[in-house]
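The values are calculated or read from the model by the stated rules, or taken from the named source; none is laboratory data. Values in this document were obtained by computation on a predicted structure and should not be read as measured data. Methodologically, a virtual Cβ is constructed for each residue, glycine included, from the backbone with ideal geometry; neighbour enumeration extends over all protein chains shown. When the accessible area is computed, the model is the full protein with side chains, heavy atoms only, and any ligands, DNA or RNA have been set aside. Shrake-Rupley method; radii C 1.70, N 1.55, O 1.52, S 1.80 Å.
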Amino acid sequence: MGSVLATDTELDAAVHAQEISYAEFNEFAYAIKGVFDRVIASLIVLALAIPIAIIALLIKMTSPGPVFVRQPRVGRFGKSFVAYKFRSMREDAEMLRDELEQSNSHSAPTIFKVKRDPRVNRFGRLIRRTSIDEIPQLFNVIRGEMSLVGPRPPLPREVMHYQPHHLLRLAATPGMTGLWQIRGRSEIPFEDMVEMDLEYIRRWSLWLDLYIILRTPLAVVGGRGAW
């Protein structure tokens, strides 16, 4: 799929303007990170094969519509991909989005979250609160489109509203979890989330990834910022 950035140099220009070094994110380091991601994600999928089947069956039994949803997302360097999630909303949820714009819990159009979203079905509330709806993104990790750890993958319409410094978060492969996940998820304002993403990029190491992965279950159980 293509890139949502207007030019191939927009991200480079943003990096130079902010004088941020991404030496740690060279291709050799990313190769190691990619192998780590794929191995762990594959093992998790194998371990969760039966629970995944049960969740899919419950979604089918509790509301009409497909088990999975496919969402266009923006990955590293602005490259578009399709992310997978368990369906947690009614089938016509996307068509109702415009009606909920004024209910957006974030003031900026760079992120869209609604508390007590009326489009979410009963079983969907449970799997969203526990982040179970994001388990299918493990297949995006195996395909190399996402990482286990990284910035939240934005929607194309969100990226269209980005300021130059926001583009810096696209220097990293988007992740299933990250500093934003273990520090509050949807309660975090967008600008603070960007700062956390840049902190992650500056500090990145496999040890940091492992730390965030180990902290994620505690954040999920706590339920803070899970809408």
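Taking the criterion of being open to solvent by 30 Å² or more (accessible area, probe 1.4 Å), under 21 Å from E145 (Cβ atoms) and in contact with a strand residue (DSSP E or B) (Cβ under 9 Å, 6 or more places away or on another chain), would at least one residue in the range 60-67 satisfy it? So far as the range 60-67 goes, no, none of its residues is open to solvent by 30 Å² or more (accessible area, probe 1.4 Å), under 21 Å from E145 (Cβ atoms) and in contact with a strand residue (DSSP E or B) (Cβ under 9 Å, 6 or more places away or on another chain).
Here is a yes/no grid of residues against (1) modelled with pLDDT of 90 or more; (2) outside any strand (DSSP E or B):
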site	(1), (2)
I32	no, yes
D37	yes, yes
I40	yes, yes
A53	yes, yes
R70	yes, no
K85	yes, no
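Criterion first (at pLDDT below 70 and in a loop (DSSP other than H, G, I, E, B)) does A13 satisfy it?
Details: at pLDDT below 70: yes; in a loop (DSSP other than H, G, I, E, B): no.
Answer is no for this residue.
Under the condition of being buried (at least 16 other Cβ atoms within 10 Å of the Cβ), at pLDDT below 85 and either assigned to a loop (DSSP other than H, G, I, E, B) or more than 19 Å from the chain's Cα centre (by Cα) (or both), the residues counted in the range 114-140 number 4.
Filtered by the rule that a residue be open to solvent by less than 10 Å² (accessible area, probe 1.4 Å) and not charged (D, E, K, R), the range 207-221 gives a lone residue, I212. Total residues in the range 161-192 satisfying the condition of being touching a Ser or Thr at 6+ places or on another chain (Cβ under 9 Å), aliphatic (A, V, I, L, M) and over 21 Å from V45 (Cβ atoms): the figure is 2.
Scanning the range 145-158 for residues that are at pLDDT below 90 and surrounded by 16 or more Cβ atoms within 10 Å (Cβ to Cβ) yields a single hit, E158.
What about T173, is it among the hydroxyl-bearing types (S, T, Y) and either in a helix (DSSP H, G or I) or more than 17 Å from the chain's Cα centre (by Cα) (or both)?
Details: among the hydroxyl-bearing types (S, T, Y): yes; either in a helix (DSSP H, G or I) or more than 17 Å from the chain's Cα centre (by Cα) (or both): no.
No; evaluated as a whole, the condition is false for this residue.
Restricting attention to the range 192-206, the residues that are open to solvent by 60 Å² or more (accessible area, probe 1.4 Å) and either in contact with an Asp or Glu (Cβ under 7 Å, 6 or more places away or on another chain) or modelled with pLDDT of 90 or more (or both) total 2.
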